[in-house]
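Read through the structure below, which is laid out as structure tokens, and then see the notes.
The values are calculated or read from the model by the stated rules, or taken from the named source; none is laboratory data. Since the model is a prediction, treat every value here as computed from it, not as a measurement. Backbone-built Cβ (ideal geometry, glycine too); neighbour counts: all protein chains shown.
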Amino acid sequence: MKERKVVYMGTPDFAVPILEMLIKNTNVILVVTQPDKEVGRKKEKKYSPIKEVAIKNNIEVYQPIKIKNEFDYILSKEPDIIITCAYGQIIPNELIETPKYKAINVHASLLPKLRGGAPIHHAIIDGYKETGITIMYMSPKLDAGDIISQEKISIEQTDNVGTLHDKLSKLGEKLLLETLPLIFENKNKRIKQNESEVTYGYNITREEEKIDFNKTAEEVYNQIRGLNPFPLAYATLDGEETKIIKAEVNCSSKGKVGQITEITKNSIIVKCKDQSVEITEIKPFGKKAMTVKDYLNGIKKENLLYKEYNNE
């Protein structure tokens, strides 16, 4: 595959293993990623993880502000194929159709389930038992192109968005390596998606980060692990926001919804719609992440017991 000219488009950590695989096995002639971000008071430039890999491997980087208006330079490179993974902008049709082998995308769900920018978060939050990677032809419509290949994995009860992210990133690398030879030899499948089975995993909103204890304990547990380690779920107590990092389902059904019904040495137990969640790691407002055990060492437990988290 070394003779094939590849343009790779991606931005976050998730896309890194795939780029590293492509560098080893193909001729990556250009990496396209989002513009650098300015961070901190000094507004220092921060490169995307993909740009870091490209620079390390002496590969040219192109960072259009709006790809829909700035794609001619990419076409001037005459790529055989364009491969995208979590790039972050809608790809114009000229890039999709012009290369010999078209443009393909590595997506972190079993399409047509969970189209959109946050499929890993929603797979856990929505209670999916399995997910996977889909390699697909790109189309102008969001994640709606024909499927080339898929591979599934189970979502374990102990998974959070961080662990599942890493598993799927490596799976994407593996599946793409297996699929590319079939594409280049014109032996790959091309399966249309069933529109009646479509679900969406759009980017997480601030509203979706807030815990609603009126939901079942299982739903709250899924929300907490489906937002860990980023952006983290939160609840409000005495007007202060507390990020909830780790918890598990507790069978206790006593107390009012949202009420702290019990405090143990290592946890805070909060009543949900049916059972409870037992919270073991938090990030209080303005403080670092800590275990509940450490948090309880600095407060009077009796001041916390039977208080209710604000669900409004």
Legend entry - Within the range 72-171, strands (runs of 3 or more DSSP E) holding 1 or more residues that are of a type in the set (S, T, N, Q), at pLDDT below 95 and more than 23 Å from ASN194 (Cβ to Cβ): none
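Rundown of residues vs (1) assigned by TED's automatic domain parsing to the domain that holds LEU164; (2) hydrophobic (A, V, I, L, M, F, W, C); (3) touching a helix residue (DSSP H, G or I) at 6+ places or on another chain (Cβ under 7 Å), yes/no style:
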residue: VAL28; (1), (2), (3): yes, yes, yes
residue: TYR47; (1), (2), (3): yes, no, no
residue: GLU52; (1), (2), (3): yes, no, no
residue: TYR62; (1), (2), (3): yes, no, yes
residue: LYS68; (1), (2), (3): yes, no, no
residue: ILE74; (1), (2), (3): yes, yes, yes
residue: LYS77; (1), (2), (3): yes, no, no
residue: GLU97; (1), (2), (3): yes, no, no
residue: TYR101; (1), (2), (3): yes, no, yes
Inset, instruction - Please work out which residue is modelled with the highest pLDDT, limiting yourself to the range 279-295 and to residues that are surrounded by 18 or more Cβ atoms within 10 Å (Cβ to Cβ) and not β-branched (Val, Ile, Thr). - result: GLU281
Legend entry - Criterion (of a type outside the set (A, V, I, L, M) and free of Cβ contacts under 8 Å to residues at least 40 places away in the same chain) met by exactly one of ASP126, ASP166, ASP146: ASP166
Inset, instruction - Name every residue in the range 264-278 that is assigned to a strand (DSSP E or B) and surrounded by fewer than 24 Cβ atoms within 10 Å (Cβ to Cβ), in order of residue number. - result: ILE269, GLU278
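Yes/no matrix, rows are residues, columns are (1) over 16 Å from LYS174 (Cβ atoms); (2) not hydroxyl-bearing (Ser, Thr, Tyr):
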site	(1), (2)
LYS5	yes, yes
TYR8	yes, no
PRO12	yes, yes
LYS24	no, yes
VAL31	yes, yes
Inset, instruction - Just give me the residues in the range 20-59 being within 26 Å of PRO229 (Cβ to Cβ) and in contact (Cβ under 8 Å) with a residue 60 or more places away in the chain, in sequence order. - result: GLU20, MET21
Legend entry - Scope the range 209-221; condition assigned to a helix (DSSP H, G or I) and free of Cβ contacts under 8 Å to residues at least 40 places away in the same chain; matching residues: GLU209
Inset, instruction - Would you point out the residue of the range 6-53, among those that are of a type in the set (D, E, K, R) and part of a helix (DSSP H, G or I), that is surrounded by the fewest Cβ atoms within 10 Å (Cβ to Cβ)? - result: LYS24
Legend entry - Test for THR264: is it farther than 19 Å from GLY239 by Cα and touching a helix residue (DSSP H, G or I) at 6+ places or on another chain (Cβ under 6 Å): no
